[in-house]
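Have a look at the structure below, then the notes.
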Amino acid sequence: MSSGSSTPEATTPIPTLPETHSGIPPYLLPKATRAKEAVFSGRTKPAKPRSREVPVVPQGVSRDQFLEALEELKRELGEENVEVNDKPLKDGWYMEHPNTHDMMTILDEEEFVAGAVAYPGNTDEVVKMVKWANRWLVPIFPISMGRNLGYGGAAPRVRGSVTVDLGRRMNKILDINPQDYTCLVEPGVSFYGLYEELGRRGLREHMWVDTPDLGGGSIIGNTVDRGVGYTPYGDHWACHSGLEVVLPTGEVIRTGMGALTEGGENTWGVFPYGFGPYSDGIFSQSNFGIVTKMGMTLMPNPGGHESFMYTFPKEEDLGPLMEIIRPLRISTILENVAQLRHVTQTIAAAGLPKSHFFSGSGTIPPEIIHSAAAASPVGDHTWAYYGMSYGPPHIRSYKLAIIDAEFSKIPGCRKIDPSTLPEDEYFWSRDRIASGTPDIHELRWVNWAPNGAHIAFSPVSPIRSADATKLFQLGKRIHEKYGIDFMPAFIVGLREMHLIVEIVFDRDDREEKERALECLRDMVDEAAREGYGEYRTHLVLMDQVAGTYGWGGGALGRFNERLKDALDPNGILAPGRCGIWGERYRGRGWEMGRGSEGGSEGDGVGGRVL
Ligand code: ADP
């Protein structure tokens, strides 16, 4: 086996902002360079020739028709803006990610793969693409940045779809309004990009971007997939205001105040609802439209901030901790979307491979994790809580005293003194993120496995002792059954929390991937039986997860299908995304579940509807 670090890909310079819309901001370049080295030093997966015929042709069109259709698309968008996907699939890494497939695939890498990629340059060209797709009955799949890692990345659900990579040419910040604390963005604006622009305009002291764990995703992609950030604004979907959407038949609508006949831009970002039904919801986690513009709110600088970290010694502390966290979080004494992390994930976040700690087979023994924790600057623990307090010192000290008194009720609780923590300690990454500075630290735990990839199990529950304990035990038991290291983190929203369990696997190891997927399928089913549903999921689990929202004999699923058929009669837009299939696909075995892991495709598609 060859070490990937010697491949040319491992040593090429990392693209930066503003030279490319998806680049790293210069302040993170040294850190990104180290991250890249670590990723490639653990890479043994060789570059492989494509194992099936290229380009992949979507079902329902012949190869000749597909190639002819792509020629027509080139005439519409420009030759250079349509690329046929007939090259080897390069996985790259976070900052140099592919837009043709899932670089962290849990199936065979030829499963969720695009036939071609197109780069529209404006809303009119998106309209042209949608009409083209309807003419040729070619499925298309929109991405903004395509870094939705852990949930499918840039990959389409249906093989051979044409990826609509919006970000490359539609990446303008159309407005930043310092009075209203709002902005209006196109799909290719990343959290990094918006942060850099605030700096360029001298507005960083004035207002903050609410940033997720990693800042390379787009604001629109993350928001429509209902991602979260870590300032008090947190819930991105709740913070957006007004959309411009290209519908699957080519009409363009604006929602909220942007829908006004004249002058909608004036109030676009300050009032999300406009008049009449609030239609935005149907464009998140769906396949009903392509978002080409979005209003987003920004947070005023609160005039001071202070990170804090507490550790708790025992697994059983989880239950009592939840009873403490819930009232503090709902009353916003705990002000931001906060994290309670298990020590296994904290140790993995050091960025070293598992083999550094343990050479045996099976899961890493708890004593090894605890001795590694004991040797770390934070010291031994089982749970670590990361939070931030906002405002001037007297406001902070009032809230911090309450938090301290409450957390200290757990025997063995320790408040970590930040001044004892070295610069590259994970704590400081949380500190930056919770105060609106995007980072690139989080992906370090992916190096736990060679050719590290990850996929998430993310059920939602109330912030209660019984629920947290039940979900924790469920995850732990099923991970043990499949011999997989368990790395849970509870992400505390306002009245709910999501348990995020990232399974890290070797994407070049078929057996390991199969085990990971079985483990996920078991967790999704068992959690659903207990009343816990996923808040978001990977392409491979979408049908299964959609099926767990089956109240009323699947009434919600049928409602979604009616919307899909009305808005997208030919079913060309992101078929199967979030478990929603148009009429032309239904009843032909496209849904994936246990036992269908061999392939992601059904048996044909129906004829034209419109
Ligand atoms: P990120 O920007 O975080 O990298 P992606 O571009 O991968 O996210 O998008 C996340 C998910 O949201 C994808 O599954 C994609 O289909 C969907 N999505 C992204 N951008 C849009 C958009 N502009 N309109 C509709 N759906 C989108």
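The values are calculated or read from the model by the stated rules, or taken from the named source; none is laboratory data. Keep in mind it's a predicted model, so treat the numbers as computed, not measured. Please note: Cβ atoms are built from the backbone with ideal geometry, for glycine as well, and neighbour counts cover all protein chains shown. For the accessible areas, the whole protein counts, side chains as well, though only heavy atoms, and no ligand, DNA or RNA atoms are used. Shrake-Rupley method; radii C 1.70, N 1.55, O 1.52, S 1.80 Å.
Inspect the range 349-361 for any residue being closer than 18 Å to ARG464 by Cβ, of a type outside the set (S, T, N, Q) and in a loop (DSSP other than H, G, I, E, B) and give the result as yes or no.
no
Quickly run through the range 115-138 and pick out the residues that are within 12 Å of the ligand (Cβ to nearest atom) and part of a loop (DSSP other than H, G, I, E, B).
Scanning the range 115-138 gives a single hit, PRO120.
Any residue that is crowded, with 22+ Cβ neighbours inside 10 Å, away from the ligand (no atom under 16 Å from the Cβ) and either at pLDDT below 95 or in a strand (DSSP E or B) (or both) - is there at least one of those in the range 279-299?
Scanning the range 279-299 turns up no residue that is crowded, with 22+ Cβ neighbours inside 10 Å, away from the ligand (no atom under 16 Å from the Cβ) and either at pLDDT below 95 or in a strand (DSSP E or B) (or both).
State whether the residues of the range 154-164 include one that is near the ligand (Cβ under 10 Å from one of its atoms), open to solvent by 10 Å² or more (accessible area, probe 1.4 Å) and either in the same structural domain as ASP213 (by TED's automatic domain parsing) or modelled with pLDDT of 95 or more (or both).
Within the range 154-164 (the criterion being near the ligand (Cβ under 10 Å from one of its atoms), open to solvent by 10 Å² or more (accessible area, probe 1.4 Å) and either in the same structural domain as ASP213 (by TED's automatic domain parsing) or modelled with pLDDT of 95 or more (or both)), the answer is no, since none of the residues qualifies.
So, GLY234, is that one open to solvent by less than 10 Å² (accessible area, probe 1.4 Å), under 29 Å from GLY579 (Cβ atoms) and in contact with an Asp or Glu (Cβ under 6 Å, 6 or more places away or on another chain) or not?
Judged against the criteria, GLY234 is not a match.
For PRO459, indicate whether it is touching a strand residue (DSSP E or B) at 6+ places or on another chain (Cβ under 6 Å) and open to solvent by less than 40 Å² (accessible area, probe 1.4 Å).
yes
Go through the range 325-366 and give me each residue that's free of Cβ contacts under 8 Å to residues at least 12 places away in the same chain and surrounded by 19 or more Cβ atoms within 10 Å (Cβ to Cβ).
If the condition is that a residue be free of Cβ contacts under 8 Å to residues at least 12 places away in the same chain and surrounded by 19 or more Cβ atoms within 10 Å (Cβ to Cβ), then no residue fits.
Within the range 404-419, does at least one residue satisfy the condition of being modelled with pLDDT of 95 or more, farther than 24 Å from PHE357 by Cβ, in a loop (DSSP other than H, G, I, E, B) and touching a Phe, Trp or Tyr at 6+ places or on another chain (Cβ under 7 Å)?
Checked the range 404-419: at least one residue is modelled with pLDDT of 95 or more, farther than 24 Å from PHE357 by Cβ, in a loop (DSSP other than H, G, I, E, B) and touching a Phe, Trp or Tyr at 6+ places or on another chain (Cβ under 7 Å).
On the basis of being open to solvent by 20 Å² or more (accessible area, probe 1.4 Å), away from the ligand (no atom under 16 Å from the Cβ), out of contact with any His (no Cβ under 6 Å at 6 or more places or on another chain) and closer than 14 Å to PRO58 by Cβ, does VAL605 make the cut?
Answer is yes for this residue.
Looking only at the range 108-122, decide whether some residue is open to solvent by less than 10 Å² (accessible area, probe 1.4 Å), under 18 Å from the mean Cα position of the chain (by Cα) and not assigned by TED's automatic domain parsing to the domain that holds GLY452.
yes
Tell me yes or no: at least one residue of the range 89-112 is assigned to a loop (DSSP other than H, G, I, E, B), more than 21 Å from GLY150 (Cα to Cα) and not basic (Lys, Arg).
Scanning the range 89-112 turns up no residue that is assigned to a loop (DSSP other than H, G, I, E, B), more than 21 Å from GLY150 (Cα to Cα) and not basic (Lys, Arg).
Scan the range 503-529 residue by residue and report those that are under 11 Å from SER458 (Cβ atoms) and open to solvent by 20 Å² or more (accessible area, probe 1.4 Å).
none
Is there a residue in the range 168-181 that is touching a Leu at 6+ places or on another chain (Cβ under 9 Å) and near the ligand (Cβ under 10 Å from one of its atoms)?
no
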